[in-house]
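In what follows, a single structure is set out as C-alpha coordinates and then discussed.
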Amino acid sequence: MTIQWFPGHMAKARRQVTEKLKLIDVVIELLDARLPLSSRNPMIDEIVGDMPRLILLNKADLADEKVTDQWISYFRGLGIRTLPIDALSGKGVGKLPELCKELAGDMLAKRAEKGMQGRAIRIMILGIPNVGKSSLINRLSKRSVAQTGDRPAVTKAQQWVKMGDTLELLDTPGILWPKFEDQMVGLRLAASGAIKDELIDFTEVALFVLSYMMHYYPERLVERFKLKEMPDDRVKMLEEIGKKRGCLVSGGNIDYDKAAEIFLRELRSGKLGQVSVERPIDWEMDEPIGKPLSLPE
(Lines give C-alpha, C1' and ligand atoms only; values in the text may rest on other atoms or scores of the structure.)
Protein backbone atom coordinates (compact mmCIF):
# COMPACT_ATOMS: atom_id res chain seq x y z
CA MET A 1 0.00 0.00 0.00
CA THR A 2 1.74 3.15 -1.21
CA ILE A 3 0.03 6.27 0.05
CA GLN A 4 0.88 9.75 -1.18
CA TRP A 5 -0.86 12.51 0.71
CA PHE A 6 0.58 16.00 0.97
CA PRO A 7 -2.25 18.57 0.77
CA GLY A 8 -1.28 22.13 -0.09
CA HIS A 9 -1.95 23.45 3.40
CA MET A 10 0.62 20.98 4.79
CA ALA A 11 3.34 22.24 2.47
CA LYS A 12 2.45 25.76 3.57
CA ALA A 13 2.57 24.65 7.21
CA ARG A 14 6.14 23.44 6.85
CA ARG A 15 7.20 26.84 5.53
CA GLN A 16 5.39 28.61 8.37
CA VAL A 17 6.98 26.38 11.00
CA THR A 18 10.45 27.12 9.67
CA GLU A 19 9.74 30.86 9.69
CA LYS A 20 8.33 30.86 13.25
CA LEU A 21 11.14 28.85 14.85
CA LYS A 22 13.15 31.99 15.59
CA LEU A 23 10.36 33.01 17.98
CA ILE A 24 10.30 29.66 19.80
CA ASP A 25 12.09 28.54 22.98
CA VAL A 26 10.97 24.90 23.23
CA VAL A 27 9.61 22.50 20.62
CA ILE A 28 7.06 19.92 21.71
CA GLU A 29 6.88 16.94 19.40
CA LEU A 30 3.62 15.04 19.80
CA LEU A 31 3.66 11.37 18.81
CA ASP A 32 1.19 8.51 19.00
CA ALA A 33 2.30 6.24 21.85
CA ARG A 34 1.08 3.19 19.91
CA LEU A 35 3.47 3.85 17.00
CA PRO A 36 6.02 6.52 17.99
CA LEU A 37 8.52 6.30 15.13
CA SER A 38 5.89 5.77 12.45
CA SER A 39 4.00 8.81 13.72
CA ARG A 40 7.16 10.89 13.74
CA ASN A 41 7.73 12.96 10.63
CA PRO A 42 11.39 12.43 9.63
CA MET A 43 11.55 16.06 8.44
CA ILE A 44 11.12 17.28 12.02
CA ASP A 45 14.78 16.69 12.93
CA GLU A 46 15.84 18.68 9.88
CA ILE A 47 13.41 21.51 10.64
CA VAL A 48 13.99 21.76 14.40
CA GLY A 49 17.73 21.11 14.53
CA ASP A 50 19.26 21.26 18.01
CA MET A 51 16.55 23.35 19.67
CA PRO A 52 15.34 22.24 23.15
CA ARG A 53 12.78 19.52 22.51
CA LEU A 54 10.30 17.44 24.44
CA ILE A 55 8.57 14.36 23.03
CA LEU A 56 5.06 13.62 24.27
CA LEU A 57 3.68 10.13 23.69
CA ASN A 58 -0.02 10.86 23.41
CA LYS A 59 -2.85 8.32 23.60
CA ALA A 60 -0.74 6.39 26.10
CA ASP A 61 -3.99 5.06 27.56
CA LEU A 62 -4.47 3.05 24.35
CA ALA A 63 -0.86 1.79 24.18
CA ASP A 64 0.81 -1.17 25.89
CA GLU A 65 2.49 0.33 28.98
CA LYS A 66 5.48 -2.04 28.81
CA VAL A 67 6.11 -1.11 25.19
CA THR A 68 5.74 2.60 26.02
CA ASP A 69 8.49 2.16 28.63
CA GLN A 70 10.69 0.71 25.88
CA TRP A 71 10.08 3.80 23.77
CA ILE A 72 10.89 6.13 26.66
CA SER A 73 14.23 4.35 27.04
CA TYR A 74 14.79 4.53 23.29
CA PHE A 75 14.32 8.29 23.12
CA ARG A 76 16.34 8.78 26.31
CA GLY A 77 19.19 7.11 24.46
CA LEU A 78 18.85 9.84 21.82
CA GLY A 79 19.05 12.50 24.53
CA ILE A 80 15.39 13.55 24.21
CA ARG A 81 13.10 13.96 27.23
CA THR A 82 9.93 11.93 26.79
CA LEU A 83 6.63 11.98 28.64
CA PRO A 84 3.63 9.66 28.13
CA ILE A 85 0.30 11.49 28.30
CA ASP A 86 -3.39 11.23 27.51
CA ALA A 87 -4.55 14.61 26.27
CA LEU A 88 -8.24 13.72 26.51
CA SER A 89 -8.23 12.74 30.19
CA GLY A 90 -5.34 15.05 31.10
CA LYS A 91 -3.17 12.27 32.54
CA GLY A 92 0.47 13.39 32.60
CA VAL A 93 -0.30 16.80 31.08
CA GLY A 94 0.20 18.62 34.40
CA LYS A 95 3.94 17.89 34.25
CA LEU A 96 4.35 19.71 30.96
CA PRO A 97 4.77 23.37 32.10
CA GLU A 98 7.56 22.48 34.55
CA LEU A 99 9.38 20.37 31.97
CA CYS A 100 9.22 23.23 29.47
CA LYS A 101 10.74 25.58 32.06
CA GLU A 102 13.59 23.12 32.62
CA LEU A 103 14.27 22.84 28.90
CA ALA A 104 14.19 26.64 28.52
CA GLY A 105 16.55 27.05 31.47
CA ASP A 106 19.52 28.31 29.43
CA MET A 107 17.37 30.90 27.67
CA LEU A 108 15.88 32.10 30.95
CA ALA A 109 19.34 32.35 32.55
CA LYS A 110 20.73 34.41 29.66
CA ARG A 111 17.79 36.78 29.80
CA ALA A 112 18.24 37.16 33.56
CA GLU A 113 21.96 37.97 33.13
CA LYS A 114 21.04 40.76 30.72
CA GLY A 115 18.50 42.11 33.17
CA MET A 116 15.70 41.54 30.72
CA GLN A 117 12.14 41.33 31.96
CA GLY A 118 10.80 37.81 32.05
CA ARG A 119 8.41 36.87 29.29
CA ALA A 120 6.38 33.79 28.65
CA ILE A 121 8.22 30.72 27.40
CA ARG A 122 7.20 30.22 23.80
CA ILE A 123 6.42 26.67 22.78
CA MET A 124 5.69 25.17 19.39
CA ILE A 125 3.66 21.97 19.17
CA LEU A 126 4.43 19.79 16.15
CA GLY A 127 2.97 16.50 15.02
CA ILE A 128 1.30 14.68 12.18
CA PRO A 129 -2.48 14.94 11.67
CA ASN A 130 -4.84 13.33 14.17
CA VAL A 131 -2.20 12.74 16.83
CA GLY A 132 -4.08 14.92 19.35
CA LYS A 133 -2.56 18.41 19.15
CA SER A 134 -5.86 20.26 19.47
CA SER A 135 -6.97 18.12 22.42
CA LEU A 136 -3.66 18.84 24.16
CA ILE A 137 -3.93 22.59 23.62
CA ASN A 138 -7.49 22.64 24.92
CA ARG A 139 -6.41 20.66 27.97
CA LEU A 140 -3.46 22.98 28.70
CA SER A 141 -5.44 26.17 28.21
CA LYS A 142 -8.44 24.73 30.11
CA ARG A 143 -10.80 25.99 27.42
CA SER A 144 -11.74 25.07 23.88
CA VAL A 145 -9.49 27.24 21.77
CA ALA A 146 -8.50 24.62 19.20
CA GLN A 147 -10.85 22.68 16.98
CA THR A 148 -10.81 18.93 17.57
CA GLY A 149 -12.07 15.99 15.61
CA ASP A 150 -11.58 12.27 15.02
CA ARG A 151 -10.51 12.86 11.42
CA PRO A 152 -7.02 13.94 10.37
CA ALA A 153 -6.22 17.46 9.19
CA VAL A 154 -8.74 19.34 11.35
CA THR A 155 -6.32 22.15 12.24
CA LYS A 156 -5.50 24.28 9.18
CA ALA A 157 -4.03 27.48 10.63
CA GLN A 158 -1.49 28.56 13.22
CA GLN A 159 -2.58 30.21 16.43
CA TRP A 160 -0.94 31.43 19.64
CA VAL A 161 -2.52 30.16 22.85
CA LYS A 162 -1.71 31.84 26.18
CA MET A 163 -1.32 29.74 29.33
CA GLY A 164 -1.31 32.28 32.12
CA ASP A 165 1.76 34.52 32.29
CA THR A 166 4.40 31.80 31.94
CA LEU A 167 3.72 29.91 28.73
CA GLU A 168 2.57 30.65 25.20
CA LEU A 169 1.92 27.83 22.75
CA LEU A 170 1.94 27.94 18.99
CA ASP A 171 -0.36 25.38 17.43
CA THR A 172 0.37 24.32 13.86
CA PRO A 173 -1.40 22.15 11.29
CA GLY A 174 -0.21 18.57 11.14
CA ILE A 175 2.71 18.06 8.79
CA LEU A 176 2.72 14.77 6.94
CA TRP A 177 5.53 13.77 4.63
CA PRO A 178 4.83 13.56 0.89
CA LYS A 179 5.11 9.78 0.52
CA PHE A 180 5.58 6.77 2.77
CA GLU A 181 8.64 5.00 1.39
CA ASP A 182 8.27 2.29 4.04
CA GLN A 183 5.09 0.25 3.57
CA MET A 184 5.05 -0.67 7.25
CA VAL A 185 4.94 2.99 8.29
CA GLY A 186 1.91 3.54 6.08
CA LEU A 187 0.18 0.48 7.51
CA ARG A 188 0.76 1.54 11.13
CA LEU A 189 -0.47 5.07 10.46
CA ALA A 190 -3.54 3.75 8.68
CA ALA A 191 -4.25 1.41 11.61
CA SER A 192 -4.17 4.33 14.05
CA GLY A 193 -6.52 6.51 12.01
CA ALA A 194 -3.88 9.10 11.09
CA ILE A 195 -4.69 8.68 7.40
CA LYS A 196 -8.14 9.34 6.00
CA ASP A 197 -10.04 6.07 5.69
CA GLU A 198 -10.99 6.96 2.12
CA LEU A 199 -7.32 6.50 1.17
CA ILE A 200 -6.66 3.11 2.75
CA ASP A 201 -7.39 -0.54 2.03
CA PHE A 202 -9.16 -1.73 5.20
CA THR A 203 -8.41 -5.38 4.54
CA GLU A 204 -4.68 -4.91 4.02
CA VAL A 205 -4.39 -2.76 7.14
CA ALA A 206 -6.44 -5.19 9.24
CA LEU A 207 -4.32 -8.14 8.09
CA PHE A 208 -1.21 -6.26 9.17
CA VAL A 209 -2.61 -5.56 12.65
CA LEU A 210 -3.96 -9.11 13.02
CA SER A 211 -0.53 -10.55 12.24
CA TYR A 212 1.00 -8.27 14.86
CA MET A 213 -1.65 -9.08 17.48
CA MET A 214 -1.52 -12.81 16.83
CA HIS A 215 2.19 -12.61 17.65
CA TYR A 216 2.08 -10.24 20.64
CA TYR A 217 -1.54 -10.21 21.89
CA PRO A 218 -3.22 -13.52 20.95
CA GLU A 219 -5.19 -13.63 24.21
CA ARG A 220 -6.85 -10.29 23.36
CA LEU A 221 -8.22 -11.68 20.10
CA VAL A 222 -9.44 -14.90 21.71
CA GLU A 223 -11.21 -12.97 24.46
CA ARG A 224 -12.69 -10.19 22.32
CA PHE A 225 -14.07 -12.44 19.59
CA LYS A 226 -14.90 -15.37 21.89
CA LEU A 227 -12.81 -17.90 20.00
CA LYS A 228 -12.38 -21.52 21.05
CA GLU A 229 -8.88 -21.53 19.59
CA MET A 230 -6.57 -19.23 17.68
CA PRO A 231 -6.65 -19.67 13.86
CA ASP A 232 -3.33 -20.62 12.31
CA ASP A 233 -3.09 -17.59 10.02
CA ARG A 234 -4.35 -14.02 9.87
CA VAL A 235 -6.68 -14.49 6.89
CA LYS A 236 -8.56 -17.17 8.82
CA MET A 237 -8.56 -14.84 11.83
CA LEU A 238 -10.23 -12.13 9.75
CA GLU A 239 -12.76 -14.70 8.55
CA GLU A 240 -13.57 -15.58 12.17
CA ILE A 241 -14.11 -11.90 12.95
CA GLY A 242 -16.39 -11.64 9.92
CA LYS A 243 -18.47 -14.56 11.16
CA LYS A 244 -18.66 -13.19 14.71
CA ARG A 245 -19.70 -9.74 13.48
CA GLY A 246 -22.15 -10.92 10.83
CA CYS A 247 -20.12 -9.75 7.84
CA LEU A 248 -21.56 -12.24 5.38
CA VAL A 249 -22.62 -11.93 1.76
CA SER A 250 -24.64 -14.22 -0.49
CA GLY A 251 -23.53 -17.82 -0.35
CA GLY A 252 -22.27 -17.44 3.20
CA ASN A 253 -18.98 -15.88 2.08
CA ILE A 254 -17.13 -13.33 4.21
CA ASP A 255 -17.23 -9.63 3.37
CA TYR A 256 -13.54 -9.11 4.16
CA ASP A 257 -13.63 -5.35 3.80
CA LYS A 258 -16.55 -4.93 6.19
CA ALA A 259 -14.98 -7.29 8.73
CA ALA A 260 -11.69 -5.41 8.44
CA GLU A 261 -13.37 -2.03 8.97
CA ILE A 262 -15.21 -3.26 12.07
CA PHE A 263 -12.00 -4.73 13.47
CA LEU A 264 -10.08 -1.47 12.96
CA ARG A 265 -12.86 0.57 14.60
CA GLU A 266 -12.70 -1.68 17.65
CA LEU A 267 -8.90 -1.43 17.74
CA ARG A 268 -8.91 2.38 17.56
CA SER A 269 -11.55 2.73 20.26
CA GLY A 270 -9.60 0.60 22.72
CA LYS A 271 -12.07 -2.29 22.76
CA LEU A 272 -9.17 -4.69 22.13
CA GLY A 273 -7.30 -3.35 25.15
CA GLN A 274 -3.98 -1.48 25.28
CA VAL A 275 -2.27 -2.39 22.02
CA SER A 276 0.96 -1.01 20.57
CA VAL A 277 1.57 -1.73 16.88
CA GLU A 278 5.24 -0.78 16.92
CA ARG A 279 8.25 -1.64 19.07
CA PRO A 280 11.86 -0.39 18.87
CA ILE A 281 12.91 -3.88 17.77
CA ASP A 282 10.66 -3.60 14.70
CA TRP A 283 13.16 -1.19 13.18
CA GLU A 284 15.95 -3.74 13.53
CA MET A 285 14.16 -6.73 11.96
CA ASP A 286 14.86 -7.80 8.38
CA GLU A 287 11.38 -9.35 8.10
CA PRO A 288 8.99 -7.20 10.16
CA ILE A 289 5.88 -8.81 11.61
CA GLY A 290 2.79 -7.87 9.66
CA LYS A 291 4.51 -7.81 6.27
CA PRO A 292 1.84 -7.08 3.60
CA LEU A 293 0.06 -10.16 2.30
CA SER A 294 -2.63 -10.42 -0.36
CA LEU A 295 -5.84 -12.34 0.19
CA PRO A 296 -6.19 -15.64 -1.69
CA GLU A 297 -8.02 -15.46 -5.01
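Here are the numbers:
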read-out	value
Calculated FRET efficiency for the pair A112/E65, C-beta based, R₀ 41 Å, to 0.05	0.55
Charge dipole (debye, nearest 20) of segment 201-283; +1 at Cβ of Lys and Arg, -1 at Cβ of Asp and Glu	400 debye
Extension gain from D165 to D232, taking 0.36 nm per residue of separation minus the Cα-Cα distance	18.2 nm
Which of M124, L103, F75, positive extreme of dipole for segment 9-170 (C-beta unit charges)	M124
Listed peptides 202-212, 249-259, 21-31 by packing density, highest first (mean Cβ within 10 Å)	202-212, 21-31, 249-259
Solvent accessible area, Å² - E223, 1.4 Å probe, full protein context	140 Å²
Calculated FRET efficiency for the pair L21/R265, C-beta based, R₀ 41 Å, to 0.05	0.60
Proximal lysines relative to K243, as straight alpha-carbon distance under 27 Å, when same-chain residues fewer than 8 apart are discounted	K196, K226, K228, K258, K271, K291
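The values are calculated or read from the model by the stated rules, or taken from the named source; none is laboratory data. Quick caveat, the model's predicted, so the values are computed rather than measured. With ideal geometry, Cβ positions are generated from the backbone for all residues, glycine too; neighbour counts draw on all protein chains shown. With ligands, DNA and RNA removed, areas are computed over all heavy atoms of the protein, side chains included. Shrake-Rupley method; radii C 1.70, N 1.55, O 1.52, S 1.80 Å.
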